[in-house]
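These notes are about the structure you will find just below.
The values are calculated or read from the model by the stated rules, or taken from the named source; none is laboratory data. Quantities reported herein were computed from a predicted structural model and do not represent experimental measurements. Please note: Cβ atoms are built from the backbone with ideal geometry, for glycine as well, and neighbour counts cover all protein chains shown. With ligands, DNA and RNA removed, areas are computed over all heavy atoms of the protein, side chains included. Shrake-Rupley method; radii C 1.70, N 1.55, O 1.52, S 1.80 Å.
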Amino acid sequence: MRIAVVMDPIGQINYKKDSTLAMLWAAQERGHQLFYIPQTSLYLDGATPMGLAQTLTVCRDPKNWFSLCDLRAIELQEMDIILMRKDPPFDMNFIYTTYLLERAEELGVLICNKPQSLRDCNEKFFATAFTQCTPPLLVTSNKELLKKFHQQHKDVIFKPLEGMGGSSIFRLKADDPNVSVIIETLTNMGTSPIMAQVYLTEITKGDKRILMVNGEHLGVALARIPAANETRGNLAAGGSYKAIELSERDKWICAQVGPTLRDKGLIFVGLDVIGDYLTEVNVTSPTCIRELDTAFNLDIGGKLIDTLVSLKEQSK
């Protein structure tokens, strides 16, 4: 099949860790033809979604992992599958990209993940659709409500709804003198909603990333463990990791979330679980494929590509 990828500059990725590269290796090894389209090379010509695309070849060489050639304008409907792997920030440019990809989807192209669902399913807020799985939480811009939540639960996390990689996440204990100023800063003086969650002490054992392919878990997770004197387990925030098998509670959470993911066309998703609780549902550009592949001798990228090809064939 003809598979295009929309991603950040491929020459700037982390060769040792990049999950998109694992997907591209898997696709190429299965004989599919690859095309590379930077986000800024997507455009609409009248009613026709287009892209300035180059044929892409990927290699397992840390010094030379890709080559590009044959830059040309293509109609996106020439593609069978498009991988939307542009990292956040989730800004207006990201939203405009989903509008354009949605036009290609209307012409029969399979987009992973579904453009409408990328817009609809904020990674923090989407978790609240599964309150049977989440810790006590609050989403608001109201200072008094946030202070009341903190006073009630004593030890809480405040975080922006649009953050990634652990950015701007604050832990506030019962005696923290900075509650008011942190709320004012995160809410932009009461104009932007944020999420408050009860602090989960199980974070010391790791913030588990569970990858889901078409609503199904893989039986394993990556536990991202905070560095010393750090609240956040995100690898981008300096955390370490260990690969683990899923607990029965983890599998139950996956079973609660999985059908909704399938219904919404969210084919590749990363659930974040701390202890027994779901904290986020990552839909934009989930990572951790490479770490789990290495630890458990898996081919998660291959499973995803095979799933996409199957879904595409079923749609014909």
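Report the FRET efficiency, 1/(1 + (r/R0)^6), for Gln314 and Glu106, where r is their Cβ-Cβ distance and R0 is 25 Å, rounded to 0.05.
FRET efficiency, Gln314 to Glu106: 0.90.
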Label-point separation, Gln256 to Glu216 (7 Å along Cα→Cβ), nm:
2.3 nm
Extending each Cα 7 Å along its Cβ direction at Glu230 and Asn297, get the distance between those two points in nm, one decimal.
3.1 nm
Taking alpha-carbon centroids only, the range 249-306 lies from the range 135-171 a number of Å equal to 25 Å
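Please work out the average accessible area per residue across the chain, using the 1.4 Å probe convention, and give it in Å². Before the final figure, lay out the partial values.
Values: 14220 Å² over 316 residues.
Normalised by residue count, the accessible surface of the chain is 45 Å².
Please state the relative contact order of the chain as a whole percent: Cα pairs under 8 Å, 6+ residues apart? Mind dumping the intermediate values first?
Values: 620 pairs, mean separation 59.5, N = 316.
That works out to 19 percent.
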Show which aspartates and glutamates lie in cross-link reach of Lys16 when reach means a straight Cα distance below 13 angstrom and same-chain residues fewer than eight apart are skipped.
Asp61, Glu291, Asp293
Where labels lie 7 Å past Cα in the beta-carbon direction, separation of Asp263 and Lys63 in nm:
5.3 nm
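Say R0 is 41 Å: what FRET efficiency, to the nearest 0.05, do Ser247 and Thr140 get from their beta-carbon distance?
Values: r = 32 Å, r/R0 = 0.77.
E(calc), rounded to 0.05, equals 0.80.
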Within 14 Å, Cβ to Cβ, of Phe149, how many net charges do the neighbouring residues add up to if Lys/Arg are +1 and Asp/Glu are -1?
+4
Heavy-atom accessible area of Val139, protein chains in place, probe 1.4 angstrom, given in Å² to nearest 10, is 50 Å²
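Starting from 0.36 nm per residue, how many nanometres of slack lie between Gln12 and Glu75 once their C-alpha separation is accounted for? Walk me through the numbers before you get to the answer.
Numbers: separation 63, 0.36 × 63 = 22.68 nm, distance 2.64 nm.
Taking Gln12 through Glu75 to full extension adds about 20.0 nm, to one decimal.
What is the gain in length, in nm to one decimal, between Ser240 and Lys147 on full extension, counting 0.36 nm per residue of separation less the C-alpha to C-alpha distance? Don't jump to the answer; show the numbers that get you there.
Values: separation 93, 0.36 × 93 = 33.48 nm, distance 3.22 nm.
Contour length minus the Cα-Cα distance gives 30.3 nm.
Extension gain Thr307-Ala174, at 0.36 nm per residue separation less the Cα-Cα distance, in nm? Working shown, then result.
Numbers: separation 133, 0.36 × 133 = 47.88 nm, distance 4.74 nm.
Result for the pair: 43.1 nm of gain on full extension.
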